[in-house]
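The values are calculated or read from the model by the stated rules, or taken from the named source; none is laboratory data. Remember, predicted model here, so these are calculated numbers, not experimental data. Here Cβ is always computed from backbone atoms with ideal geometry, including for glycine, and neighbour counts include all displayed protein chains.
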Amino acid sequence: MIVHAARRAIFIGLVAGIAGWHLSLVGLIPAFAQRRLVGDALTFSYALLVALLALAAYATGRRYPGAVQRIPWGILSALLSSLMLFLLALLVTHLNLRQILLNATPELARVLTFGGGASGAGLVRLLLIGLLAGLFAGGLSALPRPWGRVIVSAALMTLLLGLLRDVLGPLLPQVVTSFLYGTAGLSLAGALVTFLLAAVLFTLRWSLRAKAVTARATAAVPATLRQPVTQALLLLILASVPLWAGLFLSNVADFVGFYILMGLGLNLVLGFAGLLDLGYVAFFAVGAYTMAVLTSPEVGQRFTLDFWIALPIAIVTTVLAGLLVGLPVLRMRGDYLAIATLGFGEIVRLLVLSDWLKPYLGGAQGVTRIGRPSIASWRIDSPQEFYLLVLLSCLFAWFLSVRLRDSRLGRSWFAIREDEHVAQAMGINRVTAKLSAFAIGASFGGLSGALFASLVGSVVPASFSLLVSINVVAVLVLGGMGSLPGVVVGALALVGLPELLREFQEYRLLVYGIVLIAMMLFRPAGLLPERIHRRELEEAVEEAREIAPAEIATGRG
């Protein structure tokens, strides 16, 4: 038993160390060595390294039932990861690796050892921090379930506030800003107060969740009143964004809204009906180019329609494109469906690039001078004004998604998602249900593309690459397949945060990969999973726990 536990701790420690090598050599660790989060001591690079050591300790300790076993084996993994980091610091200090690895510099060694360098002092610092990280992670895993999550959530909230200093500083009152932030990041007092307030809020959230069933039973009328009041307050806050947000934040909010629209559309196809569509960017492109062709005087000068006339035409055109995609792939499922839809997305991109359609779609140069919406004498030009139109579109798509989810068609989609043959045996018309999913889902993407083209004022084929489809799928995976609130959370996390933190743009795909791997390990159903998915996952976990002892007993026998 001890040998097996030691092998597991060593393995996890080595994996964490290799992950630290990778993050360092691709440039993520040295790139953010000067980005301070709390005071002058805690930088973003130091936070990443400590989080890596703590995660190694937690991944090791969570496999054991009590703190007596969790803490020592977790410390062993964290110390081994620390030794791996120190070994990398030695290599980049004493060997000239810059001809192969550009980030293997002496500065990297200083960051990896928390300022100690590749010396005895650096080794002692690394081992001490690894010991503290192992103690913290082991003790955290030994706490009752809510308290560990409350501490981690509060710590993450504090670091996030420090990371968003440049964004939140101009928005907050001067008194609050001067107290929370110092010259570089959060002040020590501001970090402490933020952590305590966040811990209190998360504790209240957990206590309210624990008492939710009792509250519904004893106070039915206040519960029914609470939801409309909450929704009204949320709508009021969302509608007031143009009043306090500047040009940059409004622009970010617009792009988050575009991805929310696309996420809601793909959620109908993938989350509700279970049809994996990897070419969803094609509908986004069809909506954008239809708006461009109908409203821009550049392309052939055939149409110069008003925005409000061109918008429904763009949506209808995208619906027809959805039907065009759905008809050939009705009999396909799984990987074959994904490859077929992926091909459709590439076909659309190549068509708009072709010389054959250049007189109509602009070719590689795209289309400019796309029409903007106007109401009477008011022309919607700025991102702040456009935000209201995007918000109304998202609310309409949300309302339609809720109605479809609770309708007979929505139940047909869910049945097809669970088992297509059983759904057909129950009398569900698979052709109608699938085509409806593709058509309605495509309309949301077309609406998003039309609004995007009008806001930006130009469209080029480079804006409709495969990465857009991958981003929308990642939004659903992060938020939770089939979950409407999950779409919003996923769009804010994967689109909003990278836009706010522009220095992360170079490492966006790497961060996407890390986030998705972490989601598969710790939250496979998503951050805000759908009720059915969450129940199925819990049932699968319980079934695995019941089967495992029997298999172990059989193996021993």
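Yes or no: residue 427 in the same structural domain as residue 265 (by TED's automatic domain parsing), part of a loop (DSSP other than H, G, I, E, B) and either modelled with pLDDT of 90 or more or of a type outside the set (Lys, Arg) (or both)? When the stated conditions are applied, residue 427 passes them. Determine, yes or no, whether residue 517 is modelled with pLDDT under 75 and loosely packed, with under 15 Cβ neighbours inside 10 Å. In short, no.
Does region 403-414 contain any residue that is in contact with a Ser or Thr (Cβ under 7 Å, 6 or more places away or on another chain) and either at pLDDT below 95 or surrounded by 19 or more Cβ atoms within 10 Å (Cβ to Cβ) (or both)? Yes, region 403-414 contains a residue that is in contact with a Ser or Thr (Cβ under 7 Å, 6 or more places away or on another chain) and either at pLDDT below 95 or surrounded by 19 or more Cβ atoms within 10 Å (Cβ to Cβ) (or both).
Against the list (1) closer than 29 Å to residue 194 by Cβ; (2) modelled with pLDDT under 85; (3) not aliphatic (A, V, I, L, M), the condition residue 158 fails is (2).
For every residue, the table says whether it meets (1) in contact (Cβ under 8 Å) with a residue 60 or more places away in the chain; (2) touching a helix residue (DSSP H, G or I) at 6+ places or on another chain (Cβ under 6 Å); (3) in the same structural domain as residue 455 (by TED's automatic domain parsing).
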residue	(1), (2), (3)
308	yes, no, yes
311	yes, yes, yes
328	no, no, yes
341	yes, no, yes
344	yes, yes, yes
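Counting the residues of region 264-278 that are in contact with a Phe, Trp or Tyr (Cβ under 8 Å, 6 or more places away or on another chain), among the hydrophobic types (A, V, I, L, M, F, W, C) and outside any loop (DSSP other than H, G, I, E, B) gives 5. If you go through region 336-350 and keep only what is of a type in the set (Ser, Thr, Tyr) and in contact with a Phe, Trp or Tyr (Cβ under 8 Å, 6 or more places away or on another chain), you end up with just 341. The set of residues in region 124-135 that are surrounded by fewer than 20 Cβ atoms within 10 Å (Cβ to Cβ) and of a type in the set (A, V, I, L, M, F, W, C) comprises 124, 127, 128, 131, 132, 135. Given the criteria in contact (Cβ under 8 Å) with a residue 12 or more places away in the chain and in contact with a Leu (Cβ under 8 Å, 6 or more places away or on another chain), does residue 457 qualify? Judged against the criteria, residue 457 is not a match.
Evaluated against (1) touching a strand residue (DSSP E or B) at 6+ places or on another chain (Cβ under 9 Å); (2) surrounded by 20 or more Cβ atoms within 10 Å (Cβ to Cβ); (3) free of Cβ contacts under 8 Å to residues at least 60 places away in the same chain, residue 373 falls short on exactly one condition, (3). Looking for something over 22 Å from residue 396 (Cβ atoms) and buried (at least 24 other Cβ atoms within 10 Å of the Cβ) - is there at least one such residue anywhere in region 436-454? No. Taking region 40-61 as the search range and keeping residues that are among the β-branched types (Val, Ile, Thr) and in a helix (DSSP H, G or I), which one is farthest from residue 13 (Cα to Cα)? Of everything passing the filter in region 40-61, 50 is farthest from residue 13 (Cα to Cα). For beta carbons closer than 6 Å, sequence separation of 6+ or different chains, a first residue in region 387-398 that is more than 13 Å from residue 452 (Cα to Cα) and a second that is in a helix (DSSP H, G or I) and among the aromatic types (Phe, Trp, Tyr), the qualifying pairs are 397/444. Taken over region 455-506, the criterion of being surrounded by fewer than 16 Cβ atoms within 10 Å (Cβ to Cβ) and among the hydroxyl-bearing types (Ser, Thr, Tyr) is satisfied by 465 alone.
Restricted to region 176-205, and to residues there that are aliphatic (A, V, I, L, M) and surrounded by 15 or more Cβ atoms within 10 Å (Cβ to Cβ), the residue that is farthest from residue 149 (Cα to Cα) is 184.
Scanning region 278-288 for residues that are out of contact with any Leu (no Cβ under 6 Å at 6 or more places or on another chain) and not aliphatic (A, V, I, L, M) gives 283, 284, 287. From the set of residues in region 57-105 that are more than 18 Å from residue 16 (Cα to Cα) and in contact (Cβ under 8 Å) with a residue 60 or more places away in the chain, which is surrounded by the most Cβ atoms within 10 Å (Cβ to Cβ)? Ranking the qualifying residues of region 57-105, first place goes to 104.
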